[in-house]
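Below is one structure, written out as structure tokens, with a few remarks after it.
The values are calculated or read from the model by the stated rules, or taken from the named source; none is laboratory data. Computed from a prediction, not measured in an experiment: that's the story for all the values here. Note that each Cβ is placed from the backbone with ideal geometry, even for glycine, and that neighbours are counted across all protein chains shown.
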């Protein structure tokens, strides 16, 4: 892991939404890490933050020593049926200027810690199969291959495969 002194991982606030919108919209415009084609807005993400918090789901940001938000992570219920109530699917995105500095590791560790404290049984990551950096990050944190769904998404005129990784949190 890269050197990360002075970076604080904390709960997101309304003031973090502009930075989160910028991170999300960059991923929408420039990558296949987010399978969305419509950019988000401040209002949409503010509603997402409030809904997540009201549901007891964490939304975390990594704040640099200069105050800038370098990335965010969150989780939501995996599927909307009661049998999945102990399983969550998480998201983790880093601003382009801050990639490869260990921020993803800080955010993922913080999410895993919160998952254990919240008695989450399984945490799931759904990532584009070609996103090797994300796959390796998750593998370093004990996530295992859970399955591959071929050609289930599309962006930039090509079909993409979805890789599911999972970690049984209560096995730690």
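Checking the conditions here, which among 110, 115 is surrounded by 15 or more Cβ atoms within 10 Å (Cβ to Cβ), touching a residue at least 40 places away in the same chain (Cβ under 8 Å), touching a helix residue (DSSP H, G or I) at 6+ places or on another chain (Cβ under 8 Å) and in a helix (DSSP H, G or I)?
Just one listed residue meets the conditions, 115.
Looking at 167, 101, can you tell me which residue is buried (at least 18 other Cβ atoms within 10 Å of the Cβ), touching a residue at least 40 places away in the same chain (Cβ under 8 Å) and not in a loop (DSSP other than H, G, I, E, B)?
Step by step, each of 167, 101 is checked, and only 167 is buried (at least 18 other Cβ atoms within 10 Å of the Cβ), touching a residue at least 40 places away in the same chain (Cβ under 8 Å) and not in a loop (DSSP other than H, G, I, E, B).
Is there a residue being touching a strand residue (DSSP E or B) at 6+ places or on another chain (Cβ under 9 Å) and farther than 30 Å from residue 157 by Cα anywhere in the stretch 16-25?
Checking the stretch 16-25: at least one residue is touching a strand residue (DSSP E or B) at 6+ places or on another chain (Cβ under 9 Å) and farther than 30 Å from residue 157 by Cα.
All but one of (1) surrounded by fewer than 20 Cβ atoms within 10 Å (Cβ to Cβ); (2) modelled with pLDDT of 95 or more; (3) not in a helix (DSSP H, G or I) hold for residue 1, so report the exception by its number.
(2)
Got at least one residue in the stretch 12-32 being in contact with a helix residue (DSSP H, G or I) (Cβ under 9 Å, 6 or more places away or on another chain) and within 19 Å of residue 141 (Cα to Cα)?
Looking for residues that are in contact with a helix residue (DSSP H, G or I) (Cβ under 9 Å, 6 or more places away or on another chain) and within 19 Å of residue 141 (Cα to Cα), one finds none in the stretch 12-32, hence no.
Select from the stretch 4-46 the residues that are surrounded by 12 or more Cβ atoms within 10 Å (Cβ to Cβ), without any contact (Cβ under 8 Å) to a residue 40 or more places away in the chain and in a helix (DSSP H, G or I) and list them in ascending order.
Those that are surrounded by 12 or more Cβ atoms within 10 Å (Cβ to Cβ), without any contact (Cβ under 8 Å) to a residue 40 or more places away in the chain and in a helix (DSSP H, G or I): 17, 18, 21, 25, 28, 42, 44, 45, 46.
When you check residue 69 against the structure, is it under 23 Å from residue 15 (Cα atoms), modelled with pLDDT of 95 or more and crowded, with 17+ Cβ neighbours inside 10 Å, yes or no?
Yes: the conditions hold for residue 69.
Give the stretch 50-86 a look and list any residue that's in contact (Cβ under 8 Å) with a residue 40 or more places away in the chain, more than 20 Å from residue 112 (Cβ to Cβ) and in contact with a strand residue (DSSP E or B) (Cβ under 9 Å, 6 or more places away or on another chain), or say none.
If the condition is that a residue be in contact (Cβ under 8 Å) with a residue 40 or more places away in the chain, more than 20 Å from residue 112 (Cβ to Cβ) and in contact with a strand residue (DSSP E or B) (Cβ under 9 Å, 6 or more places away or on another chain), then 64, 65, 69 are the ones that fit.
Taking the stretch 120-163 as the search range and keeping residues that are in contact (Cβ under 8 Å) with a residue 40 or more places away in the chain and closer than 14 Å to residue 75 by Cβ, which one is nearest to the chain's Cα centre (by Cα)?
125
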